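The values are calculated or read from the model by the stated rules, or taken from the named source; none is laboratory data. Fair warning: this is a prediction, and the values are worked out from it, not measured in the lab. Here the Cβ positions follow ideal geometry from the backbone for every residue, glycine too, while neighbour counts run over all protein chains shown. In case anyone asks, the SASA skips ligands and DNA or RNA and just uses the protein heavy atoms, side chains included. Shrake-Rupley method; radii C 1.70, N 1.55, O 1.52, S 1.80 Å.
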Amino acid sequence: MGLEGVAIRGGFWGERLAVNAATSIPQGWERLHAAGNVANLEAAARGEGETRGEIFADSDVYKWLEAAAWEIARTGDEVLLRQQRELTAKVAAAQEEDGYLHTIVRLRGMPRYTELGWTHEHYCAGHLIQAAVAQRRGTGDTGLLDVAVRLADHLVRTFGPRASHALDGHPVIETALVELFRETGTAAYLDLAAWFVDARGRSTIGDHARDANYFSDRVPVRETTTPEGHAVRAVYLAEGAADVAVERGDADLLAALERQFAAMAATKQYLTGGLGSRWEGEAFGDPYELPSDRAYAESCAAIGGVQWAQRMLLATGDESYADQVERMLLNGVLPGVSLAGGEYFYVNALQVRGDAVPDDDRNPVNGRLGWFQTACCPPNIMRTLSSLGAYVATTASVDDVPALQLQQYVHGSVAAAGFALDVETDHPRDGRVLVRVREAPEGEAELGLRVPAWAVGATLDGEPVEAGLARIRRTWAPGDEVELVLPFAPRVVHPNDRIDALRGSVAIEAGPLVYAVEQVDLGDGAPVDDLRIDLDEPLLVGESDARLGVPTLLASGRIHRHGPDPYPGAVDAVAAGPVAIRAVPYFAWANRSVGAMRVWIPTD
Ligand SMILES: [Zn+2]
């Protein structure tokens, strides 16, 4: 279901959305102006001028416009509405007569689409279309939609089986065109999206320095068994393919995507849900190549993962995809922005060493930064948070009985399928979810609540429930209540033996949260790098951290002093006394100070 029936008003997610609205999005407006993205639009409207930023600079403006649109829908923010209209007018003025729009290609006098492998012309178009649909749905304005339709019509005339066969190096146009088809009903957009999906995978994308797998162009989508190459590109392509499969009723394509997702989850996903282990090519590694310290795990890849998983949930009804949305949102996307809302991680490593050296603005050893030379992640996080309501509920009816499924637990209200519900919860800081019926459909109706796979021992109105969808079918009346209790007892996670980089280590989780140990909680005499955890001692729930507003976990361990020889003939680490381990949710790390951190802790 869409955003219109969901209001997130308080609790954990309400706080995060309030920070996104009060800090992230307003600062994004300023930073897009300071970085020159808006100046590029103004220059393109004049037809001449210098360009600033990367070749895909326009896309960051569009992602911000999408975030603004969902935020205006949520809060009615007048300042944002004025800014939206001002920026929309600049985008419209930069569009060329025949619908083409890409400021940097135009200003540099480059021939259109001749180097589509790296110019991101379709990529920018895709983000424009997504912003336009958001603006229409969220605010009712059609200014950006007019631009998007002219651009999409230009693409339909220019590309496809009877026109240019060139493909963009970076997917996103596929999912955007399907969304534009849903918005306008114009079948040509869906046809072009389907053509883009099936034309890929034949090594046709030319580029000076990259192999076909970097572009997800080595193997056709229907034959791909596991995502490979650049992680963001791979998952964006997969989500577009999922949209095509749903709209076309293409069971073969959907089955291929289910196999790919399963292979990714089994062998190429970090515990945090993070995707892409290699800095080189920002790429997926081989199966089980998941080192903590050089984990790339780009914030955008987790966002693409969330979008893909949500599409698979809607297409299949398999609740494990909603578990994936939860894991990736909390542990893969949310670490990408500071709790204060103004700084971002591009890369989300699961370990940072005490003597790490900054070598790149993406390296987490810098701490979060306000903006990046390649600023894809910040506005991507903004639009994800402002549209969070879209992940909260689904409405698949069962046997013609109205049915509403709560998929993600947020404090607020949900209205759909004849229900109006109030939800009280502080999830994921607490496992209690109270659902109160304000309005109910006539006659029998079904309310479903997702029980995550991690919630062993969950109860619904005091009765044990299994993982999956807990369904209650009955006649409902205003005032009825349902209480779901999800156990948040801390637990130890062991890695698959094939992940060599993690062998001999464990991680700790509670509820849907992955935890991390930071140097600031261990003190100077106890380096995180030398920490071992003692599994004979119990894991305990700690006090909530007052500065971070998050739950903590407590464990016991030791610091091992090691000798100077990197390859001694025998084990020469010496235990140096017990140490109390205090762990914070991974998403909250690097909000007090930036120092050594690790998610996986050696056991001996
Ligand atoms: Zn990014």
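General remarks:
- Enumeration of residues in the range 299-329 that are open to solvent by 10 Å² or more (accessible area, probe 1.4 Å) and within 15 Å of the ligand (Cβ to nearest atom): Gln307
- Residue in the range 387-397 that is out of contact with any helix residue (DSSP H, G or I) (no Cβ under 8 Å at 6 or more places or on another chain) and buried (at least 21 other Cβ atoms within 10 Å of the Cβ) present: yes
- Reported count of residues in the range 184-234, each being of a type in the set (Asp, Glu), over 27 Å from Glu289 (Cα atoms) and over 26 Å from the mean Cα position of the chain (by Cα), is 1.
- For first residues located in the range 3-32 and more than 28 Å from Gln407 (Cα to Cα), partners that are open to solvent by 40 Å² or more (accessible area, probe 1.4 Å) and lie 6+ apart or on another chain with Cβ distances below 6 Å form the pairs Arg31/Trp371.
- Considering the range 277-298, and only residues there that are more than 30 Å from Leu406 (Cβ to Cβ) and charged (D, E, K, R), the residue that is nearest to the ligand (Cβ to nearest atom) turns out to be Glu282.
- Being modelled with pLDDT of 95 or more and either assigned to a loop (DSSP other than H, G, I, E, B) or crowded, with 21+ Cβ neighbours inside 10 Å (or both) holds for only one residue in Val571, Val506, Val517, and it is Val517.
- Filtered by the rule that a residue be under 24 Å from the mean Cα position of the chain (by Cα) and over 14 Å from Tyr189 (Cα atoms), the range 128-162 gives Leu128, Ala131, Ala132, Ala134, Gln135, Arg136, Arg137, Gly138, Thr139.
- Test for Val91: is it open to solvent by less than 40 Å² (accessible area, probe 1.4 Å) and closer than 22 Å to Phe181 by Cβ: yes
- Every condition in (1) in contact with a His (Cβ under 9 Å, 6 or more places away or on another chain); (2) closer than 26 Å to Leu388 by Cα; (3) open to solvent by 10 Å² or more (accessible area, probe 1.4 Å) is met by Asp98 except one, and the failing one is (2).
- Selection count, the range 544-556, where residues are open to solvent by 30 Å² or more (accessible area, probe 1.4 Å) and either more than 27 Å from Gly273 (Cβ to Cβ) or hydrophobic (A, V, I, L, M, F, W, C) (or both): 3
- Filtered by the rule that a residue be open to solvent by 30 Å² or more (accessible area, probe 1.4 Å) and touching a residue at least 12 places away in the same chain (Cβ under 8 Å), the range 255-265 gives Glu258, Arg259, Ala265.
- Asp243 over 19 Å from the mean Cα position of the chain (by Cα) and more than 16 Å from the ligand (Cβ to nearest atom): no
- Any hit, the range 390-405, residues being within 16 Å of the ligand (Cβ to nearest atom), under 20 Å from the mean Cα position of the chain (by Cα) and farther than 24 Å from Glu509 by Cβ: no
- The criterion of at least 2 residues that are of a type in the set (S, T, N, Q) and in contact with a helix residue (DSSP H, G or I) (Cβ under 9 Å, 6 or more places away or on another chain) is met by the following helices (runs of 4 or more DSSP H) wholly inside the range 238-355: 299-316, 320-328.
- Any chance Asp426 is under 30 Å from Leu548 (Cβ atoms), of a type in the set (Asp, Glu) and in contact with a helix residue (DSSP H, G or I) (Cβ under 6 Å, 6 or more places away or on another chain): yes
- Selected residue (only one of Ala440, Ala445, Ala467 is within 20 Å of Val398 (Cβ to Cβ), surrounded by 14 or more Cβ atoms within 10 Å (Cβ to Cβ) and in contact (Cβ under 8 Å) with a residue 60 or more places away in the chain): Ala467
- Any hit, the range 361-374, residues being touching a residue at least 40 places away in the same chain (Cβ under 8 Å), aromatic (Phe, Trp, Tyr) and away from the ligand (no atom under 16 Å from the Cβ): no
- Selection from the range 330-344 of residues that are buried (at least 24 other Cβ atoms within 10 Å of the Cβ) and more than 16 Å from the ligand (Cβ to nearest atom): Leu330, Asn331
- Failed item in (1) touching a strand residue (DSSP E or B) at 6+ places or on another chain (Cβ under 9 Å); (2) under 23 Å from Gln324 (Cβ atoms); (3) at pLDDT 95 or above; (4) away from the ligand (no atom under 13 Å from the Cβ), with Met382 passing the rest: (4)
- Neighbours by Cβ (under 7 Å, 6+ apart or cross-chain): first from the range 290-310, over 20 Å from Ala375 (Cα atoms); second within 13 Å of the ligand (Cβ to nearest atom): Trp308/Val235
- Unique match (being touching a residue at least 60 places away in the same chain (Cβ under 8 Å) and either among the hydroxyl-bearing types (Ser, Thr, Tyr) or within 30 Å of Asp461 (Cα to Cα) (or both)) among Pro512, Pro527, Pro495: Pro512
- 1 or more residues open to solvent by less than 10 Å² (accessible area, probe 1.4 Å) and within 20 Å of Leu128 (Cα to Cα): qualifying helices (runs of 4 or more DSSP H) within the range 1-65: 25-35, 37-46
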